[in-house]
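Quick notes on the structure that follows.
The values are calculated or read from the model by the stated rules, or taken from the named source; none is laboratory data. Computed from a prediction, not measured in an experiment: that's the story for all the values here. For neighbour counting, all protein chains shown are included, and Cβ atoms are generated from backbone atoms with ideal geometry for every residue, glycine included.
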Amino acid sequence: MIGRIAWRNILRNKRRSLILVVSVMIGVIAMILTDAFSVGMMQQMLTNQIGADAGYIQIHKKGYQLDPVLKNSITDTVPVSRVLAKDSSSCNISERLRTFGLVSSAYNSAGVSIVGIVPEEETNVTTIHNHIVEGSYLSNKPGDILISTATAEKLRVGLGDKVVIMASRLDGSIGSEACRVTGIFETFDSGFNQTHVYIPLETAQQMLDAPGRVSEFVVNPVDAKKTDPIAVRLESELPSELEVLTYKQMLPILVMQIQLYDQTIYIFYAIIAIALIFGIINTMLMAVMERTHEFGIDMAVGMSNRRIFRMILTEAFYLGIAGTALGLIVSAAVYIPLSHSGWNLAMFSESLNSLGVGTTIYPVLGVSSLVNTTVIIPVVAVIGAVYPALRAVKLQPVEAIRAS
Amino acid sequence: MDTKEISGEIVRVENVRKIYHDNGVPVDALRGINLTVSPGDFSVIAGPSGSGKTTLLNIVGTLDKPTEGKVFLDGEDVSSKSRRELADIRLRKIGFVFQAYNLNPVLSALENVEFTMMLRGIDAGERKRRGLVLLEELGIGELANKRPNEMSGGQQQRVAIARAISNDPRLVLADEPTANLDSETAVKLLELMEKLNHQDGITFVFSSHDPQVIERAHRLLILRDGQIVNDKVNK
């Protein structure tokens, strides 16, 4: 019966209750959508980086991660290929030879990471082929080169133009190659775009006088969740001079950022909760003050302070539940279509690209976010009602009855 | 526990004083009241406005505490009880009828009557049955599902009486119960309370200066300036 009375009390002042429900609803929407977009953004940053270059697992010669130079490349790829052959059905594999060098045109030059790839293998592990904005993806034809729009602009070259790439060979001499621009790419990451060019693996090996050498093998499990166990197994099966790194080790800052976010989101929740608490205190206090006389009568007929306290908290709880339910409905109405179409933030493309996110954010709603919101908000509503409820139970019956 | 076994007394008020402070100035609302109420009484505390009627009723009803003196309910000293204990005493032993009816506006007539039974822990089925019986007895059975704002003053006061007696109290305190009613409705209501007093032995103590109430009371206590100046059996 207390619940029924609480509900009817809520309906007494519909406008006031509605304002509170709407403010709770806005809090819920803010919590859910902010979290969904933040998680979506960070996951996109991670998947973009994995998709653009890193892959889920890389195999290097030990020491390459710290000193990524040619002399730290893998000389004998046969044992690696033999081990990886076992995973050919469950993983996509690509090999690369990578070095730092210079790409020059008649107008300008740029320091870049020159990546020698096997074009058809690379399409299975990275998404660079999806980001071709001009021309075509790299072929195995010697002398072809794939550069980014940023590099093309800097060098003032276009499709079909020639550029020269240069890099140090193993013996310290300079290897160079004249290449023709066959494709221009643009990923979501402006930093990445400025620093990467792609040439066929064989061209790279010839230019660097490093036949048969590769800097890394990229291994992408078909099921990304199996990354860790596959990495552990590869580590145990591969020769000891090689190291196996997962994306968590290759992109530690980004992974740490995501882990940090999981903690800092609670600060955001706390800010929303505090704002809501003050709103609830204010509204419930008004409701309590207006009903002072009524509480006096309740006390007169024998209602205990405990029950009065509980009734007020129940009212706040119902308001919290109503606001949460509405907030969840509105959030779902916003989230579901945006999770498919994404939210186009082209107006912020520059800053988003510098973060490697992309201009369209796809929100990702985790179960924990839903559970947190569904639990936190009604609890916050109840906490907000504690002070007004304490005020109510401190009323002296005779004085409360006299209140008009 | 400071208790006194006083057979045949529901209320005993001993040397009760009540001093209010009005802007720092002490005001003697009650000045040494002594009073006993016996089971089956139908008494009225009469007196001009400001004489202390409502204050006395509030103290007897444990809504207020005396500055001095003691109040015994059913032989139990209630002067030093905690708020929780007093709420429980009011729930079990006292029914209140107020001048302004004071029904819960969000509850129907039946729910208002059920409310006090709910506070006593009576289960839903039983309190609904008893509530309907009470409303029928008081002649407002057809209003069971009406809210207070859909009822006349007289009807609301009948619901208030039903609420007051729903927990079989030892005592019903009625503070100016007819003040807001027209005389015809007031008479009907008084007849109803007389009937409850006669048939069910419910003890009533009124505070009123309504001649109709005073006429019907079996015992008349005249209060003036915080003192009982007359306590007589009404003939």
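A few notes on this one:
- Residue check for residue B:170: touching a helix residue (DSSP H, G or I) at 6+ places or on another chain (Cβ under 8 Å), closer than 19 Å to residue B:58 by Cα and surrounded by fewer than 22 Cβ atoms within 10 Å (Cβ to Cβ): yes
- Boolean, residue A:82 is in contact (Cβ under 8 Å) with a residue 24 or more places away in the chain, out of contact with any helix residue (DSSP H, G or I) (no Cβ under 6 Å at 6 or more places or on another chain) and of a type in the set (Lys, Arg): no
- Test for residue A:369: is it touching a strand residue (DSSP E or B) at 6+ places or on another chain (Cβ under 9 Å), among the small types (Gly, Ala, Ser) and away from chain B (no Cβ under 14 Å): no
- Among the helices (runs of 4 or more DSSP H) confined to segment A:1-112, the ones with at least 2 residues that are within 27 Å of the chain's Cα centre (by Cα) are located at A:14-49.
- Checking every residue in segment B:22-41 against the condition of being free of Cβ contacts under 8 Å to residues at least 60 places away in the same chain and within 14 Å of another protein chain (Cβ to nearest Cβ) gives at least one match.
- Of everything in segment A:159-186 that is part of a loop (DSSP other than H, G, I, E, B) and surrounded by 13 or more Cβ atoms within 10 Å (Cβ to Cβ), the residue that is modelled with the lowest pLDDT is A:170.
- Look at segment A:1-21: where a residue is facing chain B (nearest Cβ under 8 Å) and a partner is assigned to a helix (DSSP H, G or I) and aromatic (Phe, Trp, Tyr), sitting 6+ places away or on another chain with Cβ atoms under 9 Å, you get A:1/B:115; A:5/B:115.
- Considering the conditions (1) in contact with a Ser or Thr (Cβ under 8 Å, 6 or more places away or on another chain); (2) in the same structural domain as residue A:268 (by TED's automatic domain parsing), residue A:38 is excluded by exactly one of them, (1).
- Test result for residue B:142, within 11 Å of another protein chain (Cβ to nearest Cβ) and either more than 19 Å from residue B:171 (Cβ to Cβ) or without any contact (Cβ under 8 Å) to a residue 60 or more places away in the chain (or both): no
- Within segment B:62-83, the residues that satisfy the criterion of being touching a helix residue (DSSP H, G or I) at 6+ places or on another chain (Cβ under 7 Å) and either assigned to a helix (DSSP H, G or I) or in contact (Cβ under 8 Å) with a residue 40 or more places away in the chain (or both) are B:64, B:66, B:71, B:73, B:74, B:83.
- Verdict on residue A:328 being away from every other protein chain (no Cβ under 14 Å), crowded, with 17+ Cβ neighbours inside 10 Å and modelled with pLDDT of 90 or more: yes
- Unmet criterion (only one of (1) surrounded by 17 or more Cβ atoms within 10 Å (Cβ to Cβ); (2) within 14 Å of chain B (Cβ to nearest Cβ)) for residue A:390: (1)
- Residue check for residue A:139: more than 25 Å from residue A:351 (Cβ to Cβ) and over 36 Å from the mean Cα position of the chain (by Cα): no
- Restricting segment B:113-133 to residues that are at the interface with chain A (Cβ under 10 Å from one of its Cβ atoms) and in a helix (DSSP H, G or I), the residue that is farthest from residue B:145 (Cα to Cα): B:119
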